[in-house]
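The values are calculated or read from the model by the stated rules, or taken from the named source; none is laboratory data. Given the structure is predicted, the values throughout are model-derived calculations rather than measurements. Don't worry about glycine lacking a Cβ; one is built from the backbone with ideal geometry, like all the others, and counts go over all protein chains shown. What goes into the accessible areas is simple: the full protein's heavy atoms, side chains included, and nothing from ligands, DNA or RNA. Shrake-Rupley method; radii C 1.70, N 1.55, O 1.52, S 1.80 Å.
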Amino acid sequence: MLNRANIGEAQRIVVKVGTSTLTHETGKLNFFRIERLVRELSDLVNQGKEIVLVSSGAVGAGMERLGLTEKPKTIPEKQAAAAVGQGVLLHVYEKIFAEYGQTVGQVLLTREDSVKRSRYVNSRNTLLQLLAMGVIPIINENDAVAVDELKIGDNDTLSAMVGTIVDADLIIILSDVDGVYTANPQSNPEAKLLSEIAEITPEIDELAGGPGTMRGTGGMYTKIQAAKIAVNAGIALVIASGTQDGVVREILTGQAVGTLFPSKHNRLQVRKSWLAFGARIAGDVQVDSGCAQAIAKTGSSLLAAGIVKVQGEFEQGKTIRILDPNGRELARGLSNYSSVEIERIRGKHTDEISSVLGYKTTDEVVHRDHLVLMV
């Protein structure tokens, strides 16, 4: 488990940099800041680290090239700006990284690359091969073609998804904020920075606000959600300010920079990692306290007897969430029954399923082999 004391041991690191870090207030690229980031990441590679860069800024770069003074509002306008900006941004990265002796490769992802397991595995194989060849992958969402149902939505979530795909040790999210505060520092001068968050409680969720700037799409909420994905996949995550010179180096030397979310002990297998963070959630089942305790403590299979409520409509084989009596997510897994079937057998003992449905697919609604704990 990575903490401040041993965080320098991280070998495979995903660094996400936000639009507000890469651009000026005018929306145009901040070359000075980009050059400092590239130099720092190149130096880490020279130390033997493996770096994956998740970069925002394609739309902003496209705006500059197209002469736009305001951020596009319609989806076609955004996609057009992204199509132009992705090439511009990669060219900038390629040119500056090359000055420090590094080779980069662009990888554009959509949600389909995480939802479909075959594409998830293919993405993993490609990224791992790039790292093995000494290449720094530069990743962005494929904004030029993605539609809402295929979009990941923000690069905070994308960085966490990429972290799970490549089995990263650490994710660093560089933003226009120093980390997670006890209150909004813009409106409350007494707000204090939280150096470490060991557990993401509902109270921590409440600290997250809306989008942080007009130039970016993600706020603290998306960063907290990314942290949930990371720590549950056994990856530490740090939120820090991208405006601070040498911030990545300071983080890796154990300095109290930003907010650290220490990783949990478990390291999910590829299949379970996809199940937890790639597959689309089709519905929920809520369980009683006894069932919740059994799942949380031992990761036991979910039986119909412990289910008290079914939410959503889904078919057999879909990924569902398992919620405790308070509505908190306990686990995710592949359902052996449809929502209609579960509604009929919930609260029933295993030996009653056949008499209720007229058949029995399996004893378990979700087998422990297809279940991932989220607590």
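Helix 220-232 versus the longest principal axis of the chain: what is the Cα-based angle in degrees, 0 to 90, to the nearest 10?
60
Assuming 0.36 nm per residue, please report the length gained on full extension of the stretch residue 357 to residue 28 beyond their Cα-Cα distance.
Here the answer is 112.2 nm.
Which far-off residues, 5 or more places away or on another chain, put their amide H under 5 Å from the one on residue 318, with H placed in the peptide plane?
The answer is 335.
Which percent of Cα pairs goes in each bin when the distances of the stretch 14-140 are cut into 10 angstrom slices starting at zero?
Each 10 Å bin holds this share of Cα pairs: 13, 41, 33, 13, 0.
How big is the shadow of the Cα convex hull of the chain, averaged over all directions, in nm²?
For the chain, averaging the hull's shadow over all directions gives 18.9 nm².
For the chain, with only Lys/Arg (+1) and Asp/Glu (-1) charged at the beta-carbon, what is the dipole magnitude about the Cα centre, in debye rounded to 20? Mind dumping the intermediate values first?
On the way: 40 positive and 44 negative charges, 113 e Å.
Taking the Cα centre of the chain as origin, the dipole is about 540 debye.
As an exercise, take the mean of 1/r over every pair of distinct alpha carbons in the stretch 282-347, invert it, and state the Kirkwood radius in angstroms. Let's see the in-between values first.
Numbers: mean 1/r = 0.0879 Å⁻¹.
Hydrodynamic radius (Kirkwood, Cα pairs) of the stretch 282-347 is 11.4 Å.
Round to the nearest 10 and report in Å² the accessible area of residue 367, as given by a 1.4 Å probe over the protein chains' heavy atoms.
50
Accessible area per residue, 1.4 Å probe, Å², for the chain: what's the number?
Ligands and nucleic acids excluded, the result is 45 Å² per residue.
Assuming R0 = 41 Å, what is the FRET efficiency of residue 350 and residue 9, from their Cβ-Cβ distance, to the nearest 0.05? Could the numbers behind the result be given before it?
Details: r = 46 Å, r/R0 = 1.12.
The value I calculate is 0.35.
Going toward the positive end of the dipole of the stretch 290-375, with +1 on Lys and Arg Cβ and -1 on Asp and Glu Cβ, which of 292, 337, 308 do you reach last?
Final value for the positive-end residue is 292.
Calculate the spin-label point distance for residue 241 paired with residue 182, positioning each point 7 Å from the Cα along the beta-carbon direction, and give it in nanometres.
1.9
Nearest 10 degrees, 0 to 90: what angle lies between the long axis of helix 31-46 and the longest principal axis of the chain (Cα atoms)?
Between the helix axis and the principal axis of the chain, the angle is about 70 degrees.
Hey, any idea what % of the chain's accessible area is carbon plus sulfur with a 1.4 Å probe?
The value for the chain is 49 percent carbon and sulfur by accessible area.
Using Cα pairs closer than 8 Å and at least 6 residues apart in sequence, work out the relative contact order for the chain, in percent. Before the final figure, lay out the partial values.
On the way: 788 pairs, mean separation 59.0, N = 375.
In percent, rounded to a whole number, it is 16.
For residue 131 and residue 192, calculate 0.36 nm times their separation in residues minus their Cα-Cα distance, and state this gained length in nm to one decimal.
18.2 nm
Where does the charge balance sit around residue 310 when Lys and Arg score +1, Asp and Glu -1, over other residues with C-beta under 10 Å from its C-beta?
The answer is -1.
What is the packing order of peptides 248-261, 158-171, 310-323, taking the mean over residues of other C-beta atoms within 10 Å and listing the highest first?
The densest-packed peptide leads the list: 158-171, 248-261, 310-323.
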